[in-house]
Structure formats: structure tokens, C-alpha cells
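Novice: My structure is below; once you've seen it, I'll send some questions.
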Amino acid sequence: MNNVLRALMADNEEERNRHLDRETLLYAVQRRITCERTGRALDVDSAVMVTAIKDGRRTATVLTGEAWDEVAEHVRAKLAEIGATVKVIDGRQLT
């Protein structure tokens, strides 16, 4: 069963959001194919999509989980510095 159907059948909002986040991440991984930092092939189970949101504009980056772990603190600090919010979809937390 695909993630969208699972989301439609979800019993609660948290479960629904988890399935929709996984579908969003799957789409991003299929489009990007390789990590933007390391060049390694992405896997939806371990990939991380980081979206910066500022003034209604969104910019997304897809990384391996290991690459995100290396830069997460720095990226979050920089985005906070410029007044952007960050949304992180971590495939490691969706399985």
C-alpha cells in the first residue's frame, strides 16, 4: 500500500503526517538521486530532506542521514540567524 493511501486511512493526524512526510521524502529522493553534500546515492530510509522557509519562500536540500548529522547544528544556527525556519523530514525516524 502506498503512503498516500496509508495517510488517507490513518487513525490520527500524527500517523497521517508521518505517511505524507515519507511520500514527500520519497519524491525528493527519486528526483535528487544523490546526496547534495557527499554525492552518495540516497535511500529513502536514511535520507533527510531539509527545507528552509523564509518570507514564504522554500528551499529544500536532500542529504544522507550521516551528512545531515555532520552539518545539522551549523545549518540550524545559520537559518535562525537569518530568520528562517527549518523543516526536517528524516527518513530514519519514519521507518
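Novice: Two decimals is fine: what's Rg over Rh for the chain, C-alpha atoms, Kirkwood radius as Rh?
Specialist: 1.00
Novice: Tell me the mean residue ellipticity at 222 nm calculated for the chain from its helices only (DSSP H runs of n ≥ 4, each -39500 (n - 2.57), averaged over every residue, nearest 500).
Specialist: It lands at -14500 deg cm²/dmol.
We did not get these values from a lab; they are worked out from the coordinates using the rules stated. Since the structure is predicted, the reported quantities are computational estimates derived from the model, not experimental observations.
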